[in-house]
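See below for the structure under consideration.
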Amino acid sequence: MGMRALFGLLLAAGLTLAGSAARAHPHVWITATSELLYATDGTITGVRHAWTFDDMFSAYAVQGLEGKTKGAYSREELAPLAQTNVESLKEYAYFTFARADGKKERFQEPVDYFLDYKDTVLTLHFTLPLKNPVKPRQLMLEVFDRSFFIDFQMAKDNPVKLVGAPAGCQTKLERPSDGTASAQKLNEQTFMSGENANFGMMFANKITVDCP
C-alpha cells in the first residue's frame with residue numbers, strides 16, 4: 001500500500017466503532033510539544049507542533065516504505081507521507097482549538113511540515129498559521145481528539161514554548177488527569193446515548209498564555 005493516509009485510515013477505523021464502548025480507548029498515542037509563535041509587534045501568528053507517534057503506529061506507518069538505509073528514513077523519503085498526514089488532519093481541525101480572549105480563532109492550512117524518523121518512532125512537525133494573527137490578553141489552546149481515538153500527551157520536558165513573545169507573558173499547562181479509569185467506568189449505555197460525541201474533551205491538554 002506504500003504511502004497511506006495514516007490519520008485518515010486509522011481515524012476512519014476508529015469512527016466505525018462509534019456507538020461502541022471500544023471507541024473510548026485510544027488506538028494511537030502521541031507525545032506532543034507546542035510552540036506559540038509571535039511577531040515582533042507581540043501578535044500571535046501561529047502554533048508549531050511536534051507530534052511523536054507511538055512505536056506501533058510508527059512501524060505501521062513506514063511499512064512498505066523504501067529507504068536507502070535499512071531501518072532509517074530521510075526527511076525526503078518521508079515527504080510524501082508527511083503530506084498525506086497533514087492533508088488528512090484537515091478533516092479533524094488539526095486536533096488544535098484556539099480561543100483568543102474567549103473568541104474562537106481559526107487556522108490556515110499547515111506549512112513547513114515534515115516527518116522525521118529516529119529511534120524507531122516518527123515525529124510529525126508542522127506549523128499552523130492563524131487566519132488572523134491576534135494580540136489577546138489571554139490565549140487558550142487545546143490539543144485533543146474529540147473521539148479519544150488518539151491520546152495526546154504533552155511531553156514531560158518543555159511541553160510548551162513561547163517563541164518571540166513579549167516580556168511578561170506567562171504560560172500554564174493543564175494536563176488531563178489520568179482518564180483511563182473514567183473511560184472504563186463509562187458503560188455501553190452512555191455511548192449509545194451519544195453523550196460521548198465530545199468524550200475526548202475530558203482528555204484535552206489546555207495551554208493558557210496570559211500576557212500583560
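Numbers for the structure displayed
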| read-out | value |
| --- | --- |
| Region 92-172: C-alpha gyration tensor shape, a/c 1.5 cut-off, then a/b vs b/c | prolate |
| Proximal aspartates and glutamates to Lys131, defined as alpha-carbon separation beneath 20 angstrom and excluding residues fewer than eight positions away on the same chain | Glu35, Asp41, Glu87, Glu91, Asp101, Glu105, Glu109, Asp112, Glu142 |
| Backbone N within region 100-131 under 11 Å of label point (7 Å from Glu76 Cα along the Cβ vector) | none |
| Entries in Lys103/Lys161; Lys90/Lys135; Lys70/Lys90; Lys161/Lys206; Lys90/Lys172 that, when Cα-Cα distance is taken, lie over 20 Å | Lys103/Lys161; Lys90/Lys135; Lys70/Lys90; Lys90/Lys172 |
| Residues whose placed amide H lies under 5 Å from that of Phe107, excluding near-sequence neighbours | Lys131 |
| Residue-count net charge about Glu142 - beta-carbon cut-off 9 Å; Lys, Arg +1, Asp, Glu -1 | +2 |
| Accessible surface, per residue, of region 70-184 when the full set of protein chains is kept, probe 1.4 Å, Å² | 56 Å² |
| Qualifying lysines (Cα of each under 24 Å from Cα of Lys68; at least 8 residues distant if same chain) | Lys118 |
| 5 angstrom amide H check on Gly46, placed H, neighbours 5+ away | Leu37, Leu130 |
| Table column - 3J(HN,Hα) (Hz), region 154-171, Karplus curve with 6.51, -1.76, 1.60, x for Gly and Pro | 6, 4, 5, 9, 6, x, 10, 10, 9, 10, x, 6, x, 4, x, 6, 10, 10 |
| Alpha-carbon centroid distance for the pair region 30-102 / region 119-174, whole angstrom | 12 Å |
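The values are calculated or read from the model by the stated rules, or taken from the named source; none is laboratory data. Quick caveat, the model's predicted, so the values are computed rather than measured. As a convention, Cβ positions derive from the backbone with ideal geometry for all residues, glycine included, and neighbour counts pool all protein chains shown. For accessibility, only protein heavy atoms count, side chains too; no ligands or nucleic acids. Shrake-Rupley method; radii C 1.70, N 1.55, O 1.52, S 1.80 Å.
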